[in-house]
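In what follows, a structure is listed as structure tokens, so that the remarks can point back to it.
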Amino acid sequence: MPPHTVILILFAVSGLVVGSFSNVLLIRTAKGKPLDGRSKCPHCKKVIAWYDLIPVLSFVLLGGRCRRCKKPIGLRYPLTELATMILFIAAYLLHSNNLPLAIMTVIVFWGILLVTVFDAYEMMIPDAFTAIIAIGALGTMWLEQQFLSPLLGACVGAAWFGFQWLISRGKIVGSGDIFLGFSLGLWLGLSKTIPMLAIAYMTGACVGVILIAMDRATRKSRLAFGPFLAIGAFAAYLGVGDAYLQLIGL
Ligand SMILES: [Zn+2]
């Protein structure tokens, strides 16, 4: 097997394992429980056997139900595992000629995934998850030996949310958003931080309008912003923002 394929498979398998760990991390952080100890079924409290904890495969083999009490296991678990695997593969394919950079990108992608899923379910962003993005961003900055653009991006990202936090006295955005804006800006650099914010707000506004139109939400409903910021960050990272800026003539 060519080395390229071997490394790709290693990234994919690591993605599944890290995805499985992410589920534990997300659930236990939400419930304020320690990370040690075996995983239990939330319905019947039985400790889950190792062979029922194989990422994605166990969910399929069990038909999405607990082996003992037959209550459904949330679809979010295999989806988180699959999403982590896809992000790990994408990070490698984007930087297959630079393994250290691929690993830093994996760290950033993983942090974004944790922030997104946690915010979608709990409506808050733990600083510990955002710190993972910041670590990957610092590593990327060091590998690329580019300092000015990341630092300016971090300032813009932090200032954008810091300003809203100040004028709304913490009501529109939380202090966690400021650190998230800082970390994503540090990773993307100045030229991609502004497209990230633009794409995030446009996507968020579109989804908000659709939800209101479908009577799924009212004007007063709160929408978790983390997932939209993640969409904006990925799109900007892949250069979608540059095309958009050209389109509006900037
Ligand atoms: Zn059970």
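Derivation of every value follows stated rules applied to the coordinates shown; laboratory data play no part. Please read all numbers here as calculations on a predicted model, not as lab measurements. Methodologically, a virtual Cβ is constructed for each residue, glycine included, from the backbone with ideal geometry; neighbour enumeration extends over all protein chains shown.
What the table below lists for this structure:
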{"quantity": "Hydrodynamic radius of region 1-94 per Kirkwood, over alpha carbon pairs, in Å", "calculated": "14.3 Å"}
{"quantity": "For the chain: relative contact order, % (alpha-carbon pairs under 8 angstrom, 6 or more apart)", "calculated": "15 percent"}
{"quantity": "P(r) weight above 22 Å for the chain, C-alpha pairs, percent", "calculated": "59 percent"}
{"quantity": "Max mean-square fluctuation residue, GNM over the chain, Cα-Cα springs under 10 Å, options Asp177, Asp36, Asp119", "calculated": "Asp36"}
{"quantity": "Loop-located trypsin sites (Lys or Arg not before Pro) in region 11-56, at most 14 other Cβ atoms within 10 Å (DSSP)", "calculated": "Arg38, Lys45, Lys46"}
{"quantity": "Estimated distance in nm for a label pair at Leu152 and Tyr121, the labels positioned 7 Å out from Cα along Cα-to-Cβ", "calculated": "4.0 nm"}
{"quantity": "Interchain or long-range residues, amide H under 5 Å from Arg65's placed H", "calculated": "Ile73"}
{"quantity": "Kirkwood-type radius of region 87-157, with distances r between different C-alpha atoms, in Å", "calculated": "12.8 Å"}
{"quantity": "Ellipticity estimate at 222 nm from DSSP helix runs (n ≥ 4, -39,500 (n - 2.57)) divided over the chain, nearest 500", "calculated": "-23500 deg cm²/dmol"}
